[in-house]
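Here's the structure, in structure tokens; my notes come after.
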Amino acid sequence: MRPAFAVGLVFAGCCSNVIFLELLARKHPGCGNIVTFAQFLFIAVEGFLFEADLGRKPPAIPIRYYVVMVTMFFTVSVVNNYALNLNIAMPLHMIFRSGSLIANMVLGIIILKKRYSIFKYTSIALVSVGIFICTFMSAKQVTSQSNLSENDGFQAFVWWLLGIAALTFALLMSARMGIFQETLYKQFGKHSKEALFYNHALPLPGFIFLASDIYDHAVLFNKSELYQVPVVGLTMPVMWFYLLMNVITQYVCIRGVFILTTECASLTVTLVVTLRKFVSLIFSILYFQNPFTLWHWLGTLFVFIGTLMYTEVWNNLGTTKSQPQKDDKKN
């Protein structure tokens, strides 16, 4: 029952989170910092109350390791949100982040000296081709949709290139963080809920450097049109409502993934997260009427087929949590 409940949390939380994030980004494209701060603050307060027991519970993993992890986690979160300011459309943002398999495999080979089967290399090749197709077609849209002068069109394209560079950096940094977490869990045991708290609590002082931008957007949020919250009947600026719902759905999403990791095999978690990304992508395209050509659909198909091939779903449908995962082969 808990796995089914967790799957429901993942789909409901993560998919609705994408909706409210795009509503925020469409109205104020530069609001990534205030969104990230609100998410971190909410999860940190919840973790301080229920996981850290008001600071009385010592961490199972030494703080110095969390400082390293938090530095990477904070950087990934900020860069991913800031990429939306650089002419990166939400569908491309979602598809590009689906390339985490590529980054994990590359860094796994370089850092952990892992070796993979030909089947897995093929799946990664499909994901790479899919991302390249979507990236290339989005690049054409950025230049062709500019009705301004040639210089303005070139400037938009340069900002788009910076956005792609930001996404690439965040993708590699996220994969490196995953490898770092893997080594920590092997040494100290799995403490996912504790890691969730420290990953969000320790970076909070870093937002001091972003305080001016956060304050400016808070002022803009206050000036947005009023919205009456259904059922509750409370009236508040609509941007604050979007932010509140984004924070809540982000928490629901993360908690759902956490329950899945404790209740299900890693194969099941990967499959659920992959399908969730696909549902979020389709909904974003249809609901917000984002431009999506047949080439984009082909690229998307490659990305998700490659991801499913990587998980070897058809060969492991009977895999249970107690069975060993035949994932990678080390030399």
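The values are calculated or read from the model by the stated rules, or taken from the named source; none is laboratory data. For clarity, every value in this text was computed on a predicted model and none was experimentally measured. For neighbour counting, all protein chains shown are included, and Cβ atoms are generated from backbone atoms with ideal geometry for every residue, glycine included. The area values use the complete protein model at the heavy-atom level, side chains included, leaving out ligands, DNA and RNA. Shrake-Rupley method; radii C 1.70, N 1.55, O 1.52, S 1.80 Å.
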Residue in the range 202-228 that is least open to solvent (accessible area, probe 1.4 Å), counting only those that are in contact with a helix residue (DSSP H, G or I) (Cβ under 6 Å, 6 or more places away or on another chain) and free of Cβ contacts under 8 Å to residues at least 24 places away in the same chain: Tyr227
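Yes/no per residue for (1) under 16 Å from the mean Cα position of the chain (by Cα); (2) open to solvent by less than 30 Å² (accessible area, probe 1.4 Å):
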| residue | (1), (2) |
| --- | --- |
| Cys15 | yes, yes |
| Cys31 | no, yes |
| Ile34 | no, yes |
| Phe42 | no, no |
| Leu49 | no, no |
| Ala52 | no, yes |
| Lys57 | no, no |
| Val67 | no, no |
| Leu84 | yes, yes |
Check whether at least one residue in the range 268-277 is among the hydrophobic types (A, V, I, L, M, F, W, C) and either in contact with a Phe, Trp or Tyr (Cβ under 7 Å, 6 or more places away or on another chain) or modelled with pLDDT of 75 or more (or both), and report yes or no. yes
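Among the residues of the range 103-121, is there at least one that is farther than 29 Å from Ser16 by Cβ, outside any helix (DSSP H, G or I) and open to solvent by 60 Å² or more (accessible area, probe 1.4 Å)?
So the first thing to find is which residues in the range 103-121 are farther than 29 Å from Ser16 by Cβ, and the list is 105-121.
When the remaining residues are screened for being outside any helix (DSSP H, G or I), the result is 112-117.
Next, only the ones that are open to solvent by 60 Å² or more (accessible area, probe 1.4 Å) stay: 113, 115.
Looking through the range 103-121, at least one residue is farther than 29 Å from Ser16 by Cβ, outside any helix (DSSP H, G or I) and open to solvent by 60 Å² or more (accessible area, probe 1.4 Å).
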Before we move on, is Leu21 open to solvent by 20 Å² or more (accessible area, probe 1.4 Å) and assigned to a helix (DSSP H, G or I)? yes
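Does Glu225 qualify as being acidic (Asp, Glu) and at pLDDT below 75? It would help to see each step written out before you state the result.
Working: acidic (Asp, Glu): yes; at pLDDT below 75: no.
So Glu225 fails the test.
Any residue that is over 16 Å from the mean Cα position of the chain (by Cα), touching a residue at least 60 places away in the same chain (Cβ under 8 Å) and either surrounded by fewer than 18 Cβ atoms within 10 Å (Cβ to Cβ) or part of a helix (DSSP H, G or I) (or both) - is there at least one of those in the range 89-101?
Going residue by residue through the range 89-101, those that are over 16 Å from the mean Cα position of the chain (by Cα) are none.
No, that holds for no residue.
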Tell me whether the range 122-134 contains one or more residues that are surrounded by fewer than 19 Cβ atoms within 10 Å (Cβ to Cβ) and modelled with pLDDT under 80. yes
Picking from Met173, Met239, which residue would you name as being within 30 Å of Ala60 (Cα to Cα), part of a helix (DSSP H, G or I) and either in contact with a strand residue (DSSP E or B) (Cβ under 8 Å, 6 or more places away or on another chain) or open to solvent by less than 50 Å² (accessible area, probe 1.4 Å) (or both)? Met173
Which pairs have Cβ atoms under 7 Å, sit 6 or more apart or on different chains, and link a residue in the range 114-133 that is farther than 10 Å from Gly99 by Cα to one that is among the polar types (S, T, N, Q)? Arg115/Asn331
Of the conditions (1) modelled with pLDDT of 90 or more; (2) open to solvent by 60 Å² or more (accessible area, probe 1.4 Å); (3) closer than 21 Å to Glu22 by Cα; (4) not hydrophobic (A, V, I, L, M, F, W, C), the single one that Thr249 does not satisfy is (2)
